[in-house]
1. Among what's in the range A:586-602 and is open to solvent by 30 Å² or more (accessible area, probe 1.4 Å) and within 17 Å of residue B:576 (Cα to Cα), pick the residue that is modelled with the lowest pLDDT.
2. Which one is most open to solvent (accessible area, probe 1.4 Å), of the residues in the range A:151-175 that are within 14 Å of chain B (Cβ to nearest Cβ) and in contact (Cβ under 8 Å) with a residue 60 or more places away in the chain?
3. Can you name every residue in the range A:603-617 that is more than 26 Å from residue B:517 (Cβ to Cβ) and open to solvent by less than 60 Å² (accessible area, probe 1.4 Å)?
4. Return the residues of the range B:404-436 that are farther than 18 Å from residue B:375 by Cα and either in a helix (DSSP H, G or I) or of a type in the set (Gly, Ala, Ser) (or both); say none if nothing qualifies.
5. Suppose the filter is within 26 Å of residue A:197 (Cβ to Cβ), of a type outside the set (Lys, Arg) and out of contact with any strand residue (DSSP E or B) (no Cβ under 8 Å at 6 or more places or on another chain); does residue A:54 pass it?
6. Determine the pairs where a residue that is facing chain A (nearest Cβ under 7 Å) and touching a residue at least 12 places away in the same chain (Cβ under 8 Å), located within the range B:207-225, has a partner that is assigned to a loop (DSSP other than H, G, I, E, B) and surrounded by fewer than 18 Cβ atoms within 10 Å (Cβ to Cβ) with Cβ atoms under 6 Å apart, the partner being 6 or more residues away or on another chain.
7. Kindly establish whether residue A:480 is touching a helix residue (DSSP H, G or I) at 6+ places or on another chain (Cβ under 9 Å) and farther than 25 Å from residue B:328 by Cα.
8. Restricting to the range A:1-54, name every residue that is part of a loop (DSSP other than H, G, I, E, B), more than 30 Å from residue A:176 (Cβ to Cβ) and aliphatic (A, V, I, L, M).
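The values are calculated or read from the model by the stated rules, or taken from the named source; none is laboratory data. Keep in mind that what you see is a predicted model, and the values were worked out from it rather than measured. Here the Cβ is made from the backbone with ideal geometry for all residues, glycine too, and neighbour counts use every protein chain on show. Accessible surface areas use protein heavy atoms only, side chains included; no ligands, DNA or RNA. Shrake-Rupley method; radii C 1.70, N 1.55, O 1.52, S 1.80 Å.
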There are 2 protein chains.
Amino acid sequence: MTVEPRTLQRVLDGRWAEVRDEVRGQMGELAFHPDPDMSTADYRALTTDNLRLLARTGRPRQGFDPAYGGGGDVGGVVTAFAMLGYGDLSLLVKAGVQWGLFGGAVQVLGTSRHHDEYLKPIMDGELLGCFAMTETGHGSDVQHLRTTATYDPATHEFEIHTPDPGSRKDYIGNAARDGRMAVVFAQLVTGGESHGVHALLVPIRDEAGNAMPGVTIGDCGHKAGLNGVDNGRLTFDRVRVPREALLNALGDVAEDGTYTSSIANETRRFFTMLGTLVRGRISVAGGAVTATEKALALAIRYGETRRQFADPATGEEVVVLDYLVHQRKLLPALATTYAMHVAQADLVSDMHDLQAPGRTPDERGQRELETRAAGIKAVGTWHATATIQTCREACGGAGYLSANLLPQLKADTDVFTTFEGDNTVLLQLVAKTLLSDYGRRIGKLDLVGKARFAADFVAGTVVERTGLRAVLRRGDVRDRACQRGLLVAREEHLLASAAQRMRKALAPGADQFGIFNDTQDHLLVAARAHVDRIVFDAFAAAVDRVAEPAARGLLAQVLGLYALSTIEEDRAFFIEHSYLTPRRAKAVTQAVNALCRQLRPHARTLVDAFGIPEPCLASPLLDGERDGGAAVSGPSPSREEPTDLASVG
Amino acid sequence: MTVEPRTLQRVLDGRWAEVRDEVRGQMGELAFHPDPDMSTADYRALTTDNLRLLARTGRPRQGFDPAYGGGGDVGGVVTAFAMLGYGDLSLLVKAGVQWGLFGGAVQVLGTSRHHDEYLKPIMDGELLGCFAMTETGHGSDVQHLRTTATYDPATHEFEIHTPDPGSRKDYIGNAARDGRMAVVFAQLVTGGESHGVHALLVPIRDEAGNAMPGVTIGDCGHKAGLNGVDNGRLTFDRVRVPREALLNALGDVAEDGTYTSSIANETRRFFTMLGTLVRGRISVAGGAVTATEKALALAIRYGETRRQFADPATGEEVVVLDYLVHQRKLLPALATTYAMHVAQADLVSDMHDLQAPGRTPDERGQRELETRAAGIKAVGTWHATATIQTCREACGGAGYLSANLLPQLKADTDVFTTFEGDNTVLLQLVAKTLLSDYGRRIGKLDLVGKARFAADFVAGTVVERTGLRAVLRRGDVRDRACQRGLLVAREEHLLASAAQRMRKALAPGADQFGIFNDTQDHLLVAARAHVDRIVFDAFAAAVDRVAEPAARGLLAQVLGLYALSTIEEDRAFFIEHSYLTPRRAKAVTQAVNALCRQLRPHARTLVDAFGIPEPCLASPLLDGERDGGAAVSGPSPSREEPTDLASVG
C-alpha cells in the first residue's frame, strides 16, 4: 500500500487549502531562521520589519470587516496565521498581537466610530497596538483586574489609573518597543458605581515613540523564547482619554455618565466580552499544531538517516527509527498531532461559520465553541511542549544545536501553555461547563430516573445506559467502535463521579472551596477525557470523508494509534473501573507496538503530508539525507572553515 | 511539629557538609547570572574567566593525586562540582570538561610520564583541554568510533586521522575557543592490527591559539543552552604525535610497535576504560539534582506569595500553593528530588571509597557502581528536565522571563539527558546487567528449583519467594513496608518476565535483533523499576539515620510521598498484575493527596533545607516576599525607568 503525501495533504489542508498554499508560497519570503545569537534589540527590529512585509501581502486584512476593506474571512486568516508556525514563531506571535488581539478587539468590541478611524491603519500595519489585559497581579483571574477607568462627566473624559504595582499591565506584546495605542481593559466606574471590566483605546506613545504623559512603559526584557516580540509593561497615572475611547459594543457611557448595556448582568457581560475574543485562543492552538508538525518532520527525517549500533546478525548499523523505543517516542506523538490538526481545523471552520458576517448570533453554539476552544488549546499546547521536547531528545546532541531549529521551537512554544489562558485554568473552565450541562441532563430525569441513575452509578454501571458494556466486554481493542466506547465510557464515568462529589458543595453551609479544591484533580482529568473523545470523533469523521481507499486505510491506522496510545496512557483508569481486564490492557499495548511497526514505513510520507515548505526545515540535521546515512549535525560546512577561527583564542 | 531547615540541611549535606559550606561561601564570588542577552563570544570569555577564578580557589585540585599536589578527595570534588549547579551551569559544565573529563582522563588513563608533565598545569587551569570521544557518526556507540591512531615504528609516532566526515569529533567542550590539548579516543592500530579504542594526548592549538598543522577546528555554534561552553569539532588529517602521547595505563605500544595490555580481551579492556570514567556520569547526575533544587526553591517560594482567584467564602484571594493541583505539580517532584539527592550522595560516597588511593581494586563493586551511576544519571536527569519544566509552568508568565532564572535552568539542563550517555541507552545498559545477574541467580538453582521458579512465574506468583504477597494483600499502602514491597515486586516481576522473553534469543538461529527490539520497551521499564527501588532504599536508610524525631518524622512523610507518587504513576502495572486491587490503587491516590496537604505547610522549610545561597535565587520572582503578596514578576524596578525607553521607537 503506497500513499502519496499529496493525497494526505489534501485531507490535512481541508477547507482553506488555497489559503495554506498561498502562505506556503509567501513563506519563502518570510520564513527565515534568525541568527540565534542576535541581540534582543536587533531581533525585535527584524520582527517588526517582517510584520510590515506580512502586512504588504494583504493577508492580515482578510480577517476584517469587508465594509472597511477586509476580506471577512475569519477562518482563512486564522488558518494562515497558524501556517506561520512553520517559520519564525516571534513573527507569528507579533502578528497575533497586532491583528488578532489588538485589531480583533477594536473590530469586535468597538463600533463604527472606532472602525472608521482605526481599522485601515491597523490592517495595513501602520498603527501598531497592544492588547493590555493581563496585570502583574491578575493573569488568570481577569474579572478582578484592578486598573480603573473612571468617567468624569465634567470633562466627558475617562481617567485611566493604575492603583498599585500589582495592577500594572504586564507581558504586553508590542508594548516595549512598537505600540502606539493599547486596548486597555479596566474596571469601568461612572457615578461612583463600577460596571465591571471594559476596554478602552488609549494612546501610549506619540509619533516620535516617546511615552505619552502619565504613561510609564517598562520592558519585560529577555525571555526564554519569542525574543522578537517586545513584551512590556504599562502603568497609567491618571491618564485622561475622551469618552469616545470606550470600545462600546457591549456597554456605553452617555455624556452625563449614565451607563447602558444590552446585557444587564455584569458577570454575563464580562463572559460575553471574553467570548468575542475566542479567536486568539484558537489561533494559539493552531500555532501549536504547526510548530509540533515542524518538530516531528525534523526528528522523523533525522531518525530515518541516523544510524547507531550494529545488528549482530548483519553487522550493519541500524537506522534509529527502526528501534521500537524510538518509534514509541515519535509515532504515537505523530498520530496525536494528526488528530489535533483535524480537530483544530474543525474548530476554525465552526468559528468561521458562527462569526460569518450577517449571521444571527447563536449563543448555544458560541458557548460550545468557547468550551471546545479552551479544551483544544490546553491539550494541544501541552502536546506541543511534550512532543517538541521528545523530538529534541530523539535527535540527541544534534537536537541541542540551534542550527538544527529544535531549540528555538522548544523555547518559543513553551509559553503557549500559559498565555491566552493558563492550561490548568482552561481545563477547569471546560470541567465547569461539562458539569452544568450534565446537571441539566440529570435535572431532566424524573425521580425514578434520578434514582436509577444514582443506583447505576454506585454499581459502577453508569455507562449501561449508553449500551457500551457489550462492546467493551467482547470487542476487539483494535476496532474503532471499541476504542470510542472506551473513550466515551471514561468521559461519562469521570464526569458522573465528579458531579457526585461536587453535589456536596450545594449542601447549606458546605465548605465550597474545600470541596472544590479536593475535587480539582478529578475535574481536570474529566475535562481531559472529554477533549480526548471530541478529538477522536473529529479525526474519525475526517478519516471517513477520505475517498481514496489507500489513504483512508493509512489514516485509519493513524487514528487507531492515536486512540490506543491515549487509552494506554490512562489504562490504569480503565482497569480500575473494569472497562478493561488486565489481559485486554496488555492487548492495547501490543496493538500500539504493532501499529508503530506498521506505520514505520509510512513515517516519512506522514510528515511530508504536512506540506512544510522545505526552506522552513533547512538545517544541517537533514544533511544525512544527502550523504545517505552519516548525518552530519551542526552548522553548515561554511562555519567549519578556518576563517571561523579568527574569533578563537 | 516545627522543624528547622538547618536540621534537614545537615541530613542533606551529609558526608561532605564542610565542602558544601565552603562552596556556598565561594558562590558569592562565582554565582552570577550572566546577562541572557550577552553574545555567545562574550559569554564564553566570561565563563573562561570564571573557570580561572574557580581554579584559584584551589577546589578543583582536591580531586587529583596527592603525589602531584592534589587532595585525593574524589568525593569532595564531585560534591563541590554539583554545588555549582546553584549558579551558572555553563561554568559547571566547563569545569567538568576541564577537570573531570580532560584532567580525569589524564589522571586515570595516563601514567607518571603524563602526570609529571601535565597534572599541575591542568589543576591550575593553565592548560585547558578537551575530552574528544564523541564523533558525529558515533555518539552512543563509542566502541565503534572510527578515528584512527596508527603507530609508525620507523618514526616512533602515532598518526591520528579522521577517515570520513562521520568520524569528526563533535560536541567537544573547550574545543571551539580555549582547548590547547585534547584527549583523543581512537582505534589503536599497530602492525596492521587493531586493538580497539585507546586515548592519546594530542596538541590542538599553539600558544597563540592557532590550530596545529593538520588539525581543523570547527564551532558547534549557538546551542539551546550552556552557551558559555565553547563546544566545537575536531578533524585530524594524519596528525603525528610521539609514542609517549598514548595514555598507557591500560594498554601500551613498545618502540617496535608491540602491543601489550594487562587486559587481554579487547571488549573487556574497552569497558574497563569506560569504567574509569564513571566520575563524569556521576557528576552530571549531581548537577541535575542541584539544578532541580534551585528550580523548586524558586517555584515553591513564588507559589507561597502568588495569589489568584478568591475563596467564595472569605472573598480573599488564595495563595496558589494552597490549591491541590498546584501542590500536585510541585510537592511529589520535591519529594522525588529529596530521594535523588540522597541516592546521589550515597553514589558519590561509594565511588569515593572505591577509588580511594591505595585501595585494592574491587571489580564487583566497580561494576555495581557503574550500573547504579548509569541508572541514577538517567532517572535523575529526566526528573530534572520534567521538574524544571513544571516549575516554569507553575510560575506562569513570570516563569518565562529570563530575569526569573527558570528559562536558563531549563535550557542549560536540557542536554543532561543526552550527554555523558543518552538516557535511553543508559537504561538499556542497566537492564543488561540486571539480566545477566539474574541469569546467574537462576543458574544457581537446581533443576527442581528452576522448574518451580518457572511454574511460580507462569502462575504470576514469582514474588511468593520474597514473602511479599502477605504484606501486599493486607498491608496499608501508607506503611513503608507495603510501599517497599510494591516497588520490589514490580522490579522482580518486570525482570523475571523480561528474562523469560529474552531467553528466546538464545535459541539457535533466533532473530536476536528482532527479539531484543520487541523487548526493548519492557527492558527499559524493568531498569526504571530497579532504579526507583534502590533510590527508595537509599532515602529510607537516610531517614532512619536521622536522630531528631521531628525531622525524622517530616522526612518519613517526604519518603512516603516519593514512594506513593512513584507507585501511583505506574499503578496500571500494579493492578494489571494484581499487586493492587482497584480499591487499594485509589487509596494510593488518596494518600498522595493527603501527604500533599500535610507537607504543604513545610514546603518552604523543605526548599530552604537545600541551603541554596540567596544570591543564587535573587530574582524579581521573589519580590512578592517583600511586598507580601502581590508578586511583581520581571526585571528589577530600575529597568522600569524612562531611561530604558531611550532604546524605544
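1. Looking at the filtered set, the residue picked out is A:586.
2. A:171
3. Across the range A:603-617, the qualifying residues are A:609, A:610, A:611, A:612, A:613, A:616, A:617.
4. In the first step, residues of the range B:404-436 are kept if they are farther than 18 Å from residue B:375 by Cα; the result is B:404-412.
Passing the criteria: B:404, B:406, B:407, B:408, B:409, B:410, B:411, B:412.
5. Details: within 26 Å of residue A:197 (Cβ to Cβ): no; of a type outside the set (Lys, Arg): yes; out of contact with any strand residue (DSSP E or B) (no Cβ under 8 Å at 6 or more places or on another chain): yes.
Here the answer is no, as residue A:54 does not meet what is asked.
6. Listed pairs, sorted by first residue: B:222/A:37.
7. yes
8. A:1, A:3
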